[in-house]
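Undergrad: Quick one: the structure is below, questions incoming.
All of the numbers you see were taken from the coordinates with simple rules; none came from a lab. Keep in mind it's a predicted model, so treat the numbers as computed, not measured. Heads up, the Cβs are rebuilt from the backbone with ideal geometry, glycines too, and the neighbour counts pull from every protein chain shown.
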């Protein structure tokens with residue numbers, strides 16, 4: 001692993017103790033000769049701190065998975081690994097507990113850490129490109145009416161989903177919204193794309209996993225008002241009748257630092273409350 005000489009710290013100021021713990025880590029790292037950049041205010045796309053991302057070797061996130069998603073969009077162009085510090089929430093990506101933070105950071109400074117490499121997706125909507133680590137969700141938003149979404153994969157017709165919406169997810173996002181709608185849990189390192197209808201009218205409509213090279217085009221077939229396209233649950237755009245969103249694997253990947261104490265199976269077992277002893 002590369003030598004870590006400068007670290008960015010992102011703290012979600014809305015999370016209890018996040019800024020205080022970030023400042024503690026800043027002082028701890030500074031005492032060990034590491035240059036530290038602390039950021040406590042980020043927009044949804046992190047656009048105002050792109051220079052911040054270009055001068056660091058690693059970023060540490062205090063918050064939940066939502067804060068980590070913001071950090072991922074921020075550093076995606078710079079090959080900067082992310083450490084997620086869990087502050088007591090349900091995060092699947094923030095796998096380092098607060099009480100083991102210094103132990104993990106010592107491992108990192110020795111260059112002995114490991115990462116898991118996560119694919120991202122690019123969504124093309126209204127002439128803009130959005131990169132996401134979790135998912136793209138197409139739905140009516142707060143309205144309960146179903147939508148008709150014509151879905152084409154690699155220029156071949158798949159189905160027109162009549163459903164509350166459609167989730168297009170990465171393996172990382174398989175434990176997010178997709179999981180709550182009956183989607184499969186997919187190991188993060190498995191490059192694939194998951195299509196998962198939300199409450200489909202036809203019960204035989206089931207989630208499907210596609211190869212990572214697939215290109216997915218989803219068109220809104222309803223004549224009524226448009227639907228919302230939500231990227232990672234944080235950025236949204238409107239899809240009007242007859243318009244389409246195109247999704248494909250991004251050129252960018254995100255490296256998330258693994259917990260030295262827990263593998264992915266233990267993270268699943270703990271977060272989902274699965275019973276049983278090893």
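Undergrad: Taking a ≥ b ≥ c as the square roots of the Cα gyration tensor eigenvalues, with a/c under 1.5 meaning rounded and otherwise prolate when a/b beats b/c, else oblate, which class fits region 105-145?
TA: Because a/c hits 1.5 or more and a/b exceeds b/c, region 105-145 counts as prolate.
Undergrad: Among 85, 256, 108, which one moves the most in a GNM of the chain with springs linking Cα atoms closer than 10 Å?
TA: Comparing 85, 256, 108 in a Gaussian network model of the chain, the most mobile one is 108.
Undergrad: Next question, about the same structure. Which shape class applies to region 121-251: rounded if a/c is under 1.5, otherwise prolate when a/b exceeds b/c and oblate if not, where a ≥ b ≥ c are the square roots of the Cα gyration tensor eigenvalues?
TA: Rounded shape, in that the Cα axes give a/c under 1.5.
Undergrad: Sketch the reach of a paramagnetic label on residue 6 as a point 7 Å from Cα along Cα-to-Cβ, and name the residues of region 66-89 whose backbone nitrogen lies under 17 Å away.
TA: Answer for region 66-89: 74-82.
Undergrad: Which stretch or stretches of region 106-125 have amide N atoms under 14 Å from the point lying 7 Å from residue 191's Cα along the Cα→Cβ direction?
TA: Within reach of a label on residue 191, which here means backbone N under 14 Å from a point 7 Å along Cα→Cβ, region 106-125 contributes 117-122.
Undergrad: Shape call for region 194-278 from the C-alpha gyration tensor, a ≥ b ≥ c root eigenvalues: rounded (a/c under 1.5), prolate (a/b greater than b/c) or oblate?
TA: Prolate is the answer for region 194-278, as a/c is 1.5 or above and a/b outweighs b/c.
Undergrad: With each pseudo-label sitting 7 Å past Cα toward Cβ, what's the residue 54-residue 103 distance in nm, one decimal?
TA: If labels sit at residue 54 and residue 103, their model points lie 3.9 nm apart.
Undergrad: Pairs of alpha-carbon atoms within less than 8 angstrom and 6+ residues apart define the contacts here; what relative contact order does region 1-118 have, in percent?
TA: Here the relative contact order equals 27 percent.
Undergrad: Please list, in order, the residues from region 182-201 whose amide nitrogen is less than 18 Å from a point placed 7 Å along the Cα→Cβ vector of residue 213.
TA: 190-194
Undergrad: Which value in deg cm²/dmol, rounded to the nearest 500, describes the helix-derived mean residue ellipticity at 222 nm for the chain, given -39,500 (n - 2.57) per DSSP H run of n ≥ 4 and division by the residue count?
TA: Roughly -5000 deg cm²/dmol at 222 nm, from the helical runs in the chain.
Undergrad: Taking the Cα-to-Cβ direction at residue 24 and at residue 180 and moving 7 Å from each Cα, how far apart do the two end points lie in nm?
TA: 3.0
Undergrad: Give the calculated FRET efficiency between residue 17 and residue 129 to the nearest 0.05, with a Förster radius of 25 Å applied to their Cβ-Cβ distance.
TA: My answer for the efficiency is 0.10.
Undergrad: Can I ask one more? Efficiency by 1/(1 + (r/R0)^6): what FRET value for residue 145 and residue 244, r their Cβ-Cβ distance, R0 = 25 Å, to the nearest 0.05?
TA: According to the calculation, E is roughly 0.80.
Undergrad: Under a point spin-label approximation (7 Å from Cα along Cα-to-Cβ), what is the residue 262-residue 158 distance to one decimal in nm?
TA: Output for this residue pair reads 3.2 nm.
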